[in-house]
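None of the figures in this text is laboratory data; all of them are computed from the coordinates on show. A quick note: this is a predicted structure, and the numbers were derived from the prediction, not measured. Note that each Cβ is placed from the backbone with ideal geometry, even for glycine, and that neighbours are counted across all protein chains shown.
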């Protein structure tokens, strides 16, 4: 069997490379936003806000490329799934960028107040969602649906950690009203991180759709 | 459960020593459009022509296995081939109107079958031309030569000619491959209309056309049926790698 449709195959490979580049940008945004939050690094937080435009521009570029592929090449089967899946990937990667910006804004706000004591659960949550995103991206690069399925089950832990942060913050606020304002921002930060976990799960679901043609949206549970 | 109109079991076909079809098992449900796809020489047109025994005309052609229409063996001894072809009509790749008037083209099959009543013929010509979505364009020129029609109109005339004898199954061998996009669209719309009354089996090289018009799709390769299924499944996530390679254009 010969490889046919060389030009189209090259375009799909180009799309794949663009997606990997966008995923790398999102991964860096999460790494920087979480580090900025945990280390109270305002310069890094500002750079996360600034760099989000690059992620947004990349989404626009990939959208235009996908539209062109659909209109001009009439893809079928695995190619069609790849293009539809890539649309899902870009939407979710772009939203991850937005959540990083939100997290960076929490960091910038909290930096204007006296620091709260270290929060081990937030540290765990930061590490956990980073791991989820890294695995989601790897599952796409390696076309590894078994790995993608693992991410679905990791989302449960992110949800639990987020809930624990919330409960802990509420009980702290009850004891010490001075820190209510800061605690609200911590709760919001944990929510941004939890959303990043959800979005990483969406990425994993898109990988499963691309590879297997199975739509596991809303069914991908731990 | 859907009624199976045409069915083949272990169908083999030989052109002399060439084994063109291998053990094809395939069912066609009533009022469904089934697209037969595959690269040139894969056997899809051969299979199509088995259904109304068009291959009988080829020297050295040999069929084995079973092919049934409504449960009756198409190749049983004593089957009247003319009667079979009245029940199983066919439209070819290139429009092939007779060098006669539009009216006579449509009435031809009825006349061959002994219909002489002018009123019956008139009614049948009109209903067949309406069925083929050609009545409005042809009603004022029924006595004009069919050869004066455009390619797309000629193809719809051939469909009207096939419809005139009230077939149960319509075989279409690349019916739009010689037509422009507008004429192609009309044929495709017509296929959607006709399936209310007919079972349609269409051979096409256009993946988009197969996806647009058919309910089910069967992929042939090297004389074998590789995969058959719901068209939505075949064109979104086929089970077989060869099917996927073919419909994504990666098949040499």
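Brief remarks on what is shown
- Pairwise Cα inverse-distance average, inverted: Kirkwood Rh of the protein assembly as shown (Å): 26.6 Å
- In this simple spin-label model, placing a label point 7 Å from the Cα along the Cα-to-Cβ direction at both residue B:144 and residue A:214 gives a separation of 6.0 nm.
- Between region A:1-40 and region B:62-77, the C-alpha centres lie 56 angstrom from each other.
- Alpha-carbon centroids, region B:3-46 and region A:167-222: separation in whole Å: 54 Å
- Shape category assigned to region A:6-212 from the gyration tensor of Cα positions, a/c cut at 1.5: prolate
- Rule-of-thumb Rg ratio for region B:152-252 [Cα; 2.2 N^0.38 Å; N residues]: 1.14
- Note on chain B: with a GNM built from Cα contacts shorter than 10 Å, the maximum mean-square fluctuation among B:29, B:143, B:188 falls on B:143.
- With Cα atoms, 0 to 90° folded angle of helix A:77-110 axis to chain A main axis: 20 degrees
- Neighbour-count order for B:56, B:245, fewest beta carbons within 10 angstrom listed first: B:56, B:245
- Cα-based shape type of region B:145-209, given that a ≥ b ≥ c are square roots of the gyration tensor eigenvalues and the cut on a/c is 1.5: oblate
- Mean ellipticity per residue at 222 nm, deg cm²/dmol - from DSSP H runs of n ≥ 4 across chain A, formula -39500 (n - 2.57): -30500 deg cm²/dmol
- Angle between chain B longest axis and helix B:181-194 axis [Cα atoms, degrees, rounded to 10]: 90 degrees
- Convex hull of Cα atoms in region B:58-139, direction-averaged projection (nm²): 7.9 nm²
- Counting only alpha carbon atoms, the long axis of helix A:42-73 and the longest principal axis of chain A meet at about 20°.
- A viscosity of 1.567 mPa s and a temperature of 4 °C, combined with the Kirkwood radius over Cα pairs in Stokes-Einstein, give a translational diffusion coefficient for region B:1-156 of 73 µm²/s.
- Tensor-based shape of region A:39-145 (alpha-carbon gyration tensor, a/c under 1.5 rounded, otherwise prolate or oblate): oblate
- Rounded Å value of the spacing that divides the Cα centres of region B:143-190 and region A:60-113: 46 Å
- For A:132, A:76, A:173, order by how many other beta-carbon atoms lie within 10 Å, fewest first: A:173, A:76, A:132
- DSSP-defined beta bridges in the protein assembly as shown - what % are antiparallel, rounded to 5: 60 percent
- In this structure, residue A:131 and residue B:215 have a Cβ-Cβ separation that, at R0 = 41 Å, corresponds to a calculated FRET efficiency of about 0.35.
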